[in-house]
Structures are given as C-alpha cells and as structure tokens.
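The values are calculated or read from the model by the stated rules, or taken from the named source; none is laboratory data. What you see is a predicted model; the values in this text were computed from it and never measured. So basically every Cβ, Gly included, is an ideal-geometry build from the backbone, and we count neighbours across all protein chains shown. Note: accessible area is taken over every heavy atom of the protein model, side chains too, but ligands, DNA and RNA are not part of it. Shrake-Rupley method; radii C 1.70, N 1.55, O 1.52, S 1.80 Å.
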Amino acid sequence: MPARQFLTEEEEQQIVDAINAAEQKTSGEVRIHIEHHCEGDALDRAAQIFHDLGMDETKLENGVLIYIATEDHKASVYAGKGIHREVEEGFWDDVLQILITHFKKEEYEQGIEKAVHKVGDKLEELFPYHQKGNLDELSNEISFHDNKS
C-alpha cells in the first residue's frame, strides 16, 4: 500500500488537528512522516527524515518526529536534543508502544493521534507555550514518501 493511502483524508485531517491542538500548548514541534519502505534501522531513517524536514533547526531543539514505514511494519520516535535530554528514561519507548498496540489492531489513526497527544503533553510540561514570540516553526502536515524497492 502506498504511504499516501495508509490513512484516509479524514484520518489524516484528524491527526493534523491533534498536532495543531498539541502545539497550541507548547513551543515544541511535532511531525509525522509516513513512507512505504524502510531499508535498515527505523531510528536511523527517522534521524535522516528529522534532518531533511529541518526539524533540527528549531530554536529550542524541541521537535519530535513520529516515523512510520507501512510496508515494513517499522516505526520510531526521534526527538531533538532539547527535548531528548529532558525526558525520563523509557518515554520514547512508551510512545512507540502506543503506536504498536493500536497498529496491531489496525487502528492506525487512533494510534498516531494518541502518540501525538502523549508527546504533546510532555512538550507542554517541558516547553510550555509562551504567547510572546512563540512561533509554529514547522508545518503540521503529515509528510509522505512513496519509496519502492
């Protein structure tokens, strides 16, 4: 299944709405990237996508990427240095477990949305929204890559 067909338009919009809601409470940034195939380690690929999307250029280094490879059933969560050094041990594994639990039941949108909420709550705790000077530095749209190999 091509990455773009992984979610319906309605499901995609629900996830974008969840990202928007999460980012209303924090200076952090959340992105979702979905692609068809992941050759190699999902965390390494997520790190590359994180860079490609410019997520390592946020002012407070507090971006979080949720990465999903649909065909290979791989997922990972990659975070900027600013947030990564602040979260407790095992937090990213907990986010990943939310995805896995829902994906096993083919509840893709629900899993992604719940993962976004968990990340958003942590970002709000560590990087609360400050009205003055808070910018949405990155797009909230889901990025896709339909690689085939």
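Identify all residues within the stretch 46-72 that are in contact with a His (Cβ under 8 Å, 6 or more places away or on another chain) and not acidic (Asp, Glu); write none if there are none. Within the stretch 46-72, 46, 49, 53, 65, 66, 67, 68, 69, 70 meet the criteria. The residues of the stretch 17-38 that are in a helix (DSSP H, G or I), of a type in the set (A, V, I, L, M) and surrounded by 17 or more Cβ atoms within 10 Å (Cβ to Cβ), listed by number, are 18, 19, 22. Residues satisfying the criterion are absent from the stretch 115-128 (criterion: touching a strand residue (DSSP E or B) at 6+ places or on another chain (Cβ under 9 Å), at pLDDT below 95, acidic (Asp, Glu) and in a loop (DSSP other than H, G, I, E, B)).
Yes/no matrix, rows are residues, columns are (1) over 18 Å from residue 5 (Cα atoms); (2) of a type in the set (Lys, Arg); (3) part of a helix (DSSP H, G or I):
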| residue | (1), (2), (3) |
| --- | --- |
| 40 | yes, no, no |
| 45 | yes, yes, yes |
| 50 | yes, no, yes |
| 66 | no, no, no |
| 93 | yes, no, yes |
| 96 | yes, no, yes |
| 109 | no, no, yes |
| 113 | no, no, yes |
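Scanning the stretch 47-65 for residues that are open to solvent by less than 20 Å² (accessible area, probe 1.4 Å), closer than 12 Å to residue 80 by Cβ and of a type outside the set (Ser, Thr, Tyr) yields 50, 54, 55, 62, 63, 64, 65. Here is a check on your reading of the model: is residue 64 free of Cβ contacts under 8 Å to residues at least 60 places away in the same chain and within 13 Å of residue 115 (Cα to Cα)? Considered against the rule, which asks whether it is free of Cβ contacts under 8 Å to residues at least 60 places away in the same chain and within 13 Å of residue 115 (Cα to Cα), residue 64 comes out as yes.
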